[in-house]
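See structure below.
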Amino acid sequence: MASVIDLSRIPYIPGRLHATNNQFQRYGPKGFMEIKVLHNDNLYVRVDLPGVPDDAIRYRVDAVRQKVVFFSGEETLRAGDKVDDVREYSGTAGLGCDCCEITGVEAKMKDGVLRMILSRVKVKDHDNKCTHFLPPNTGKSGRYDIGDSAIDMIEVEDHPFVVKGRKGTFTSARTSDGCYHFSVDLPGVSSDDIFVLPNENEFKFIAENKIVYEHDESCRIFIGAVNKRTCCSHGIPLLDHNIAWDAEFGVLKVRVSPPPLNNNDQ
């Protein structure tokens, strides 16, 4: 059972996104990827790959030892998922210099998040400390364009490492049996970290990844709602539906089934 989420940490800023990589994120590190230099000069890399099973990620150091290439198999297909939405990922991270080489990789995939420690050594220009890495603009989601009269939000970004399937954080569909299915990306979150709060008008959820790893800046908190017009039958209250949900590999999946028809003769 999830413990109480401390919402007092979340600043209330009407009309703004906290992180443009995920419209539901309200607190914590931003961006699909985060890279930072550790005290021992190794690199810490955090990559959001929601939907990827813990054992389905692969990686290799490229031939010139300047970057790590990571890639996944297909996201797990579950009931209600559209085949065209099933994702595969591929991307790179590493060095932005020619003075270092990557000598080792420690990687762990959990709840839709890949975390890597990249060991490196200086091979030339030894007197200068190296702080260059790729990509150089990670973790900068959540910026805003400021106009003359109002703040205009940058649109939610597509996932840059998706090479097949949907690139957005939310998808919904109605199946032939009349059920509504929707999925929400909540990278780093497990089923024990989520509160689900449906009411007559909407399906609400609040989630916080309780496990904060050693090199993570902080936890992340997600808050969102799906309007009943998106997820239930017309004219039938949402709470009259059968609602089932689960979270796996950093993705919340919800199934909303209409009540059975009453075929009794009047």
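The values are calculated or read from the model by the stated rules, or taken from the named source; none is laboratory data. Note that the structure is a prediction, hence the values are computed from the model and not measured. So basically every Cβ, Gly included, is an ideal-geometry build from the backbone, and we count neighbours across all protein chains shown.
Does segment 107-116 contain at least one residue that is assigned to a strand (DSSP E or B), within 17 Å of TYR59 (Cα to Cα) and over 26 Å from the mean Cα position of the chain (by Cα)? The answer is no, given that none of the residues of segment 107-116 is assigned to a strand (DSSP E or B), within 17 Å of TYR59 (Cα to Cα) and over 26 Å from the mean Cα position of the chain (by Cα). Residues in segment 153-166 that are in contact (Cβ under 8 Å) with a residue 60 or more places away in the chain, of a type in the set (D, E, K, R) and in a loop (DSSP other than H, G, I, E, B): GLU155, GLU157, ARG166. In segment 63-92, which residues are more than 25 Å from GLU248 (Cβ to Cβ) and either touching a Gly at 6+ places or on another chain (Cβ under 8 Å) or touching a residue at least 12 places away in the same chain (Cβ under 8 Å) (or both)? Residues satisfying the conditions are ARG65, GLN66, LYS67, VAL68, VAL69, THR92.
Condition first: surrounded by 15 or more Cβ atoms within 10 Å (Cβ to Cβ), farther than 15 Å from VAL254 by Cβ and not polar (S, T, N, Q). Can you find one or more residues in segment 170-182 that meet it? So far as segment 170-182 goes, no, none of its residues is surrounded by 15 or more Cβ atoms within 10 Å (Cβ to Cβ), farther than 15 Å from VAL254 by Cβ and not polar (S, T, N, Q).
Step by step: first the residues of segment 195-215, then only those that are among the aliphatic types (A, V, I, L, M) and surrounded by fewer than 22 Cβ atoms within 10 Å (Cβ to Cβ), then the one that is farthest from VAL256 (Cα to Cα). Which residue is that? Explain how you work it out, then say what you get.
From segment 195-215, those among the aliphatic types (A, V, I, L, M) are 196-197, 206-207, 211-212; that's our starting set.
Of the ones still in play, those that are also surrounded by fewer than 22 Cβ atoms within 10 Å (Cβ to Cβ) are 196-197, 206, 211-212.
Details: VAL196: 13, LEU197: 13, ILE206: 18, ILE211: 29, VAL212: 32 Å.
Per the stated criteria, the residue is VAL212.
Taking segment 104-116 as the range and being touching a residue at least 24 places away in the same chain (Cβ under 8 Å) and not small (Gly, Ala, Ser) as the test, the residues that pass are VAL105, MET109, LYS110, ASP111, VAL113, LEU114, ARG115, MET116. Restricting attention to segment 228-247, the residues that are farther than 17 Å from SER183 by Cβ and surrounded by fewer than 17 Cβ atoms within 10 Å (Cβ to Cβ) total 8. Residue under question is SER218, and the condition is that it be among the hydroxyl-bearing types (Ser, Thr, Tyr) and surrounded by fewer than 16 Cβ atoms within 10 Å (Cβ to Cβ); does it hold? For SER218, the condition - among the hydroxyl-bearing types (Ser, Thr, Tyr) and surrounded by fewer than 16 Cβ atoms within 10 Å (Cβ to Cβ) - is met.
When each of LEU95, LEU118, LEU114, LEU134 is tested for being at pLDDT 80 or above, closer than 25 Å to THR20 by Cβ and of a type outside the set (Ser, Thr, Tyr), the lone residue that passes is LEU114.
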